[in-house]
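Worksheet for the structure shown next.
Throughout, read-outs are computed from the coordinates displayed, never taken from laboratory work. Fair warning: this is a prediction, and the values are worked out from it, not measured in the lab. FYI the Cβ positions are ideal-geometry reconstructions off the backbone, even for glycines, and counts take in every protein chain you see.
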């Protein structure tokens, strides 16, 4: 089942995100088999990351939550909020 994980950064903490970026990318790489899509959410100018959006393939919401909680960004306190919702792909059709 696909899950959308939306993470919004705490305001005014770009250094905290940058300091943990390498560990975050390593974490994603170690879960590459369940990553559907992942990338930063950007500010209105498209210049500065303000969060993260991940579409992941997990068996259930418990696994999605465990993944989100284990993200180095989450552990470092980068995020102000994290939401996890099931997602159904309808387009484009495979």
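Observations
- Using the Cβ-Cβ distance between residue 8 and residue 32 with R0 = 25 Å, the FRET efficiency computed as 1/(1 + (r/R0)^6) comes to roughly 0.55.
- FRET efficiency for residue 93 and residue 22, using Cβ-Cβ distance with R0 set to 41 Å, rounded to 0.05: 0.65
- Estimated [θ] at 222 nm from DSSP helical runs (n ≥ 4, -39500 (n - 2.57)) normalised by residues in the chain, nearest 500: -8500 deg cm²/dmol
- Summary value for the chain: 49 percent relative contact order, contacts being C-alpha pairs under 8 angstrom separated by 6+ residues.
- Per-peptide average of other Cβ atoms within 10 Å, ordering 86-92, 59-65, 29-35 highest first: 59-65, 29-35, 86-92
- Simple label model, 7 Å out from Cα along Cβ direction - residue 57 to residue 15, nm: 4.1
- Gain in span if fully extended, residue 65 to residue 80, counting 0.36 nm per residue against the direct Cα distance: 3.8 nm
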